[in-house]
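Colleague: Encoded as structure tokens, here's the structure I'll be asking about.
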Amino acid sequence: MPVSQEGAQRASRQRSPRSLRFLALTILAATLAVGGLASHPGTAAAAGKKVVIVVGPAGSNTADYIYNAKKLAAQARSYGATVYEIYTPHATWSRVKAYAQGANILIYLGHGNGYPSPYGAFSKYSKDGMGLNTTDGSSSHTYYGEYYIAQAIRLAPNAVVILNRLCYASGDSEWGAGNPTKSVAIARADNYAAGFLRAGAKAVFAEGINSVSFVLNGLFKTTQTFSSIFWHDPAYTGTYHFKFNSTRTPGNWAIMDPYAPSRYYKSAVGALYMTAVSWRNG
């Protein structure tokens, strides 16, 4: 079984705590959303597209993550997608596993636990997955690593995974920790994508700080390739970018766009030649 860990749990960027009233209202709204897990029928433009958005427990950042997740949910619904929102304290593995099946887009916001890291040897059971509520209603978290993602989740053909605001997924370190070397950052991004690619994803986008709304817009509203969608991030720099062939998932490649040397907050790994049109056509 997965083991709850105390390490690797800070988000990639600390944010100012919101008021207790805002937090209470946000958690209440999230509870209601998950309690019903109601689908939202969409327009013909995205008929049949299933979007699953998960927010795991993230300490003082939780309210901010839920706030941003709800904005992404509203955006996806505006395109006609059917959206399921699974928010802490109800984001358990059993619930996430059930609703992620057949998802065309899976979005996760929460703690990241990647590799290489300062927390010991690699473990497929706890690394490079999602940090979710240990039990329903709890504030504690358990990491479900790439083994669980690859073995238990079957995404839709050509699915896209979006990892937002977590450590390690795009190659970065925890907030306040030392910056990684380029080789370490490459390994982190490649490793974090591996389990999701084995679960059926065609591409994994990771954005450590900024919004990922541009990915949704690119998928639903453009004819761009996945790599072009990556470069249409409003926060891109392009100064230090590079690409590499994946070693964890041969046949795939990756691009990274550090905003400064050793600052790795943007990556995409997968079949990046694929187009949004092909994704929409399923």
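Colleague: If we count every other residue with Cβ under 12 angstrom of Ser262's Cβ, Lys/Arg +1 and Asp/Glu -1, where does the sum land?
Modeller: +1
Colleague: Amide H to amide H under 5 Å from Arg165: which residues, 5+ apart in sequence or cross-chain, H placed 1.01 Å off N in plane?
Modeller: Answer set, sorted by chain and number: Glu207, Gly208, Ile209.
Colleague: Would you please give the residues with an amide H less than 5 Å from that of Asn158, counting only those at least 5 places away or on a separate chain, with H modeled from the backbone geometry?
Modeller: Result for Asn158 returns Lys202.
Colleague: Residue by residue through the range 147-163, what is 3J(HN,Hα) from phi via Karplus (6.51 cos²θ - 1.76 cosθ + 1.60, θ = phi - 60°)? Round to whole Hz and write x for glycine and proline.
Modeller: Per residue, the Karplus-derived 3J(HN,Hα) values read 4, 5, 4, 5, 7, 10, 10, 10, 6, 5, x, 6, 5, 10, 10, 10, 10 Hz.
Colleague: Follow-up. Checking the a/c ratio against 1.5 first, then a/b against b/c, what shape does the Cα gyration tensor give for the range 127-234?
Modeller: Since a/c reaches 1.5 but b/c is at least a/b, the shape of the range 127-234 is classed as oblate.
Colleague: How would the range 85-158 be classified by its alpha-carbon gyration tensor: rounded, prolate or oblate, with rounded meaning a/c under 1.5 and the a/b versus b/c comparison settling the rest?
Modeller: Taking the square roots of the gyration eigenvalues as a ≥ b ≥ c, the range 85-158 is oblate.
Colleague: Counting only other residues whose beta carbon sits under 12 Å from that of Ala206, what net charge do I get with K and R as +1, D and E as -1?
Modeller: Charge balance near Ala206 sits at -3.
Colleague: Which of the peptides 264-275, 177-188, 146-157 is most tightly packed, and how do the rest follow, judged by the mean count of other Cβ atoms within 10 Å per residue?
Modeller: 264-275, 146-157, 177-188
Colleague: Kindly work out what percent of the DSSP beta bridges joining two residues of the range 82-190 are antiparallel, to the nearest 5.
Modeller: 40 percent
Colleague: Could you tell me which of rounded, prolate or oblate describes the range 125-179, using a ≥ b ≥ c as the square roots of the eigenvalues of the alpha-carbon gyration tensor, with rounded for a/c under 1.5 and, failing that, prolate when a/b is larger than b/c and oblate otherwise?
Modeller: oblate
Colleague: Here is a follow-up. What is the sum of charges around Ser278, taking Lys and Arg as +1, Asp and Glu as -1, for the other residues whose C-beta is under 15 Å from the C-beta of Ser278?
Modeller: +4
Colleague: Sort the following peptides by mean Cβ neighbour count (other Cβ atoms within 10 Å, averaged over residues), highest first: 217-224, 116-123.
Modeller: 217-224, 116-123
Colleague: For the range 179-264, what ratio Rg/Rh do Cα atoms give with a Kirkwood hydrodynamic radius?
Modeller: 0.94
Colleague: Give a residue-ordered list of calculated ³J(HN,Hα) values for the range 88-103 (Karplus: 6.51 cos²θ - 1.76 cosθ + 1.60, θ = phi - 60°; whole Hz; x for Gly, Pro).
Modeller: My calculation for the range 88-103 gives 3, x, 10, 8, 8, 4, 4, 6, 4, 4, 5, 7, 6, 4, x, 5 Hz in order.
Colleague: Also: Which whole-Hz couplings ³J(HN,Hα) result when phi for each residue of the range 123-137 is put into the Karplus expression 6.51 cos²θ - 1.76 cosθ + 1.60, θ = phi - 60°, listed in order with x for Gly and Pro?
Modeller: Karplus values, whole Hz, x for Gly and Pro: 9, 5, 7, 10, 9, 6, x, 10, x, 10, 4, 4, 9, 4, x.
Computed from the coordinates by the stated procedures, all read-outs in this text should not be read as laboratory data. Only a predicted model underlies this, so the values are computations on that prediction, with no experimental measurement involved. Positions of Cβ are generated from backbone atoms using ideal geometry, with glycine treated the same way; all protein chains shown enter the neighbour counts.
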